[in-house]
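Shown next, in C-alpha cells, is the structure this report addresses.
The values are calculated or read from the model by the stated rules, or taken from the named source; none is laboratory data. Owing to the predicted nature of the structure, the values given are computational and were not obtained by experimental measurement. Using ideal geometry, Cβ is built from the backbone for each residue, glycine included, and neighbour counts are taken over all protein chains shown. For accessibility, only protein heavy atoms count, side chains too; no ligands or nucleic acids. Shrake-Rupley method; radii C 1.70, N 1.55, O 1.52, S 1.80 Å.
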Amino acid sequence: MNMTTYEPQALDVLDDAGRKVLFTEARTANTFAATDVADDELAMIWELARWSPSAANGQPLRVLFVRTREGKERLVRHLDEGNRAKTLSAPAVAILAYDIDFHEQMPTVFPARGAMLRAAFADQIEKRESIAAYNSALQTGVFLLAVRAAGLAAGPMAGFDRAGVDGEFFAGTNWRSHLVVNIGHPGADPWFPRLPRVPVEDAVVWV
C-alpha cells in the first residue's frame, strides 16, 4: 500500500512592520492633507478588499467612491454636523453599501450551488437583507484594512441619514448604505488620543 505523508502548508506570518500598519499603530483619521488620492489607489483598495470572506461567497458589499466637490456637497447634507467638515476635506470618500439582490450573482461567485442558492433566496427579501447587512459588515472590516495597506488613512463614520444617502445616490437601485469612510493622507493633528482596549481577561476565554 502506498502511503503519502501529508505536509501541512506553512503560511506566511505578517512581519512587525505590517502589523503596525494594519493593526497596532493604525488610527482613525479626523483631518486630511490636501494630497490627492489617485484612482489607481482607490482601485487598489477594492482589489484587496474584494478577497474578504463572506457567507457562501455572496460578496454583498458595494462601494461608491465620491471624489468631486459636488459629490461631497451632496453627501454632507446627509451627515451629522460633526462629520461634515472632515468629509469635505477628505480627498476621497467611500460610501459602503450592501446589495439586497446579491443572490443574483450566486451562479457566478459560487458555481457549484449558485443556481440553487439564487432560487432559494428569490422570494426571501427580509432574509437577504439580513444576510447582506451582516456580511457587508464583515467585508467592511477588510475594506478598512485595505485602505491602511494602500498607505492611506481611513475615517469611518456611521453618523448619517441612511435613507437620505440612499435617496441621494442609490435611488432606483438595490443598494443600501451602511457606512461612510473618509480616505486620504493624515492632515494636521489627525488623531484623537489612543483609547484603551478591553482587557484580555475580559474578552478572551480559553477552554
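Worth a mention:
- Dividing the summed helix terms, -39500 (n - 2.57) for each DSSP H run of n ≥ 4, by the number of residues in the chain produces a 222 nm estimate of -11000 deg cm²/dmol to the nearest 500.
- The Rg/Rh ratio for the chain, using Cα coordinates for both the radius of gyration and the Kirkwood hydrodynamic radius, is 1.04.
- Set of aspartates and glutamates with alpha-carbon distance to residue 86 below 19 Å, sequence-local pairs under 8 removed: 36, 70, 73, 161, 189
- Length gained when the stretch residue 126-residue 88 is fully extended (0.36 nm per residue, less Cα-Cα span): 10.2 nm
- Of 197, 69, 128, the residue with the greatest mean-square motion in the GNM of the chain, using alpha carbon springs below 10 Å, is 197.
- 95, 131, ranked by accessible area, largest first (probe 1.4 Å): 131, 95
- The stretch 140-191: radius of gyration over Cα atoms, expressed as a fraction of 2.2 N^0.38 Å: 1.35
- Per residue, in Å², the accessible surface of the stretch 101-207 once ligands and nucleic acids are set aside, probe 1.4 Å: 59 Å²
- The DSSP beta bridges internal to the chain are antiparallel in roughly 95% of cases.
- Protein accessible area in the stretch 49-137, 1.4 Å probe - carbon and sulfur %: 51 percent
- GNM top mover of 28, 68, 87 - the chain, alpha-carbon springs below 10 Å: 68
- Residue list for the stretch 140-165, given a label point 7 angstrom along the Cα-to-Cβ vector of residue 74 and an amide N cut-off under 13 Å: 165
- Cα-based reach from residue 127 at 13 Å (exclusive), listing aspartates and glutamates while leaving out same-chain residues under 8 positions away: 99, 101
- Shape class for the stretch 119-207: oblate, because the ratio a/c of the largest to smallest gyration tensor axis (alpha-carbon atoms, square roots of eigenvalues) is 1.5 or more and b/c is at least a/b.
- A straight chain from residue 108 to residue 17 at 0.36 nm per residue would run longer than the Cα-Cα distance by 29.1 nm.
- Among 11, 22, 88, the largest mean-square fluctuation in a Gaussian network model of the chain, built with springs joining Cα atoms closer than 10 Å, belongs to 11.
- Residue-span extension gain [residue 57 to residue 171] - 0.36 nm each, minus C-alpha spacing: 38.4 nm
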